[in-house]
Amino acid sequence: MGISKIKIDVNSHWNTLVRVKFKHAYYTSTLCNDFEVIPTAETVEFMKNYRLLFKAEKSGFVILYRDGTTPDHFKDSDLSLEKLSFIIRNTNANFINFSELPFLENETIYYFSNANVSLSKDKRKLLHDGNDVSSSTEQLLFLMPKMFNFTFPNPIKFSEIQILDNFGNEVAFGGNAISRKNEPITQHRIDLREFNSGKYTMKAKAAKIKDFSFYATADTKKKCFGFIELFLNNKVKKDFQLFNTKEIIQQDFDVYFDSRSTYWKYFVVNKQKNVNYKHHEIVPKEGNVEFTKPENVQLQNGMEVIQMISKTPIEFKEKQENKFRLNLCKNANGSGNIFSVNLPAANITLIKPDRKTKKVYSEIFIYI
């Protein structure tokens, strides 16, 4: 869906309602330009009616309101169910590699809103709980259609299922078309087509399952990283409200990502037939990370290499803070002439998770 570009006269009476910025520990400036944000069709229509403007920025977006007109419209309207919703699309194919986030399946998305918030250590207002997205407990949701069938591990009655909205209010949803009667069965139909797209939580204590949090939308085919929802009602915590029934409250919100740390695994390949180095040692040029002793290993392709792995994970940075060199010597005890090679840093384009150890490695080949 294309968003028309609007030229805004700085001398006109347009003010900032809310500014949202994406930030990431990987980048030196912390500003993250890896996302495209698009208002949903419902939000575009709402903004037209209430004289709001959407303006994309490199690291986020801003919503502007018309001085006088928008506040008056807000005062005269029931905003109890109103919100501004935005689709987030990831434009960087390597984003997950250098971000401290789990490796997800296609049906999961990230969800951010001013209804689930926290303050950072430096008092920034975050659209997620926890200091960063990776430490958040409620941002990861399943993306579901507005009507779906859910299979429970134990038979339960349809009346024993609860669907709650973002603020914990129970909604009178439809369904039960499978059983027709309120009898215990394992599969029930959940129908939210009469409700707005958004975050919901399903509770079913009788089935002895954990709460199931999901984002329901009519369009689940469009691939996206997640959604941002900014509520206009006064159920939001006071310091995160955009409107308090009397006046507009200008807000600045952040979404903050932490950097991924990986174990650096160097593979040393000797291409010199006439030179045999018996001593290999990685020493830090900058930083204080230590490496394991050299080990002769055979890769899956049959190649014989010498392997050395960092004893602690190293954080990805746009300007890498840890630098190393490889010291080589023909004598096994390291005495004699030392030949040194500056080692390249790990590349964000290649990481390898190990399911057994639950560690993530960066593999780097060194040819000498």
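Read the figures in this text as sums done on the coordinates, not as results from a lab. This structure is a prediction, so every number in the text was calculated from the model and none was measured. Positions of Cβ are generated from backbone atoms using ideal geometry, with glycine treated the same way; all protein chains shown enter the neighbour counts.
Some values worked out for this structure:
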read-out: Cα coordinate range in region 147-216, projected on the principal axes (Å, largest first); value: 28, 23, 16
read-out: Given K285/K359; K203/K358; K265/K285, the pairs whose alpha carbons are separated by over 21 Å; value: K285/K359; K203/K358
read-out: Normalised contact order of the chain, rounded percent, pairs of Cα under 8 Å and 6 or more residues apart; value: 18 percent
read-out: At q = 0.10, 0.20, 0.24 Å⁻¹, base-10 log of I(q)/I(0) for region 261-367 (Debye sum, equal scatterers on each alpha carbon); value: -0.29, -1.12, -1.48
read-out: Reference-scaled alpha-carbon Rg (2.2 N^0.38 Å with N residues) for the chain; value: 1.29
read-out: Rounded to 5, the percent of DSSP beta bridges in the chain classed as antiparallel; value: 75 percent
read-out: Peptides 317-323, 91-97 ordered by average Cβ neighbours within 10 Å, highest first; value: 91-97, 317-323
read-out: Stokes-Einstein translational diffusion, region 39-116 - Kirkwood Rh over all Cα pairs, 0.890 mPa s, 25 °C, in µm²/s; value: 161 µm²/s
read-out: Viscosity 1.306 mPa s, temperature 10 °C, Stokes-Einstein D of region 86-143 from Kirkwood C-alpha radius, µm²/s; value: 127 µm²/s
read-out: Computed helical MRE - 222 nm, the chain, DSSP H runs ≥ 4 contributing -39500 (n - 2.57), nearest 500; value: -1500 deg cm²/dmol
read-out: Residue exposure sequence - T217, T349 - by fewest surrounding Cβ within 10 Å; value: T349, T217
read-out: Estimated dipole of the chain in Debye, rounded to 20 [Cβ of Lys and Arg +1, of Asp and Glu -1, Cα centre]; value: 920 debye
read-out: Farthest positive-ward along the chain dipole, Cα basis, beta-carbon charges - from I338, V360, L299; value: I338
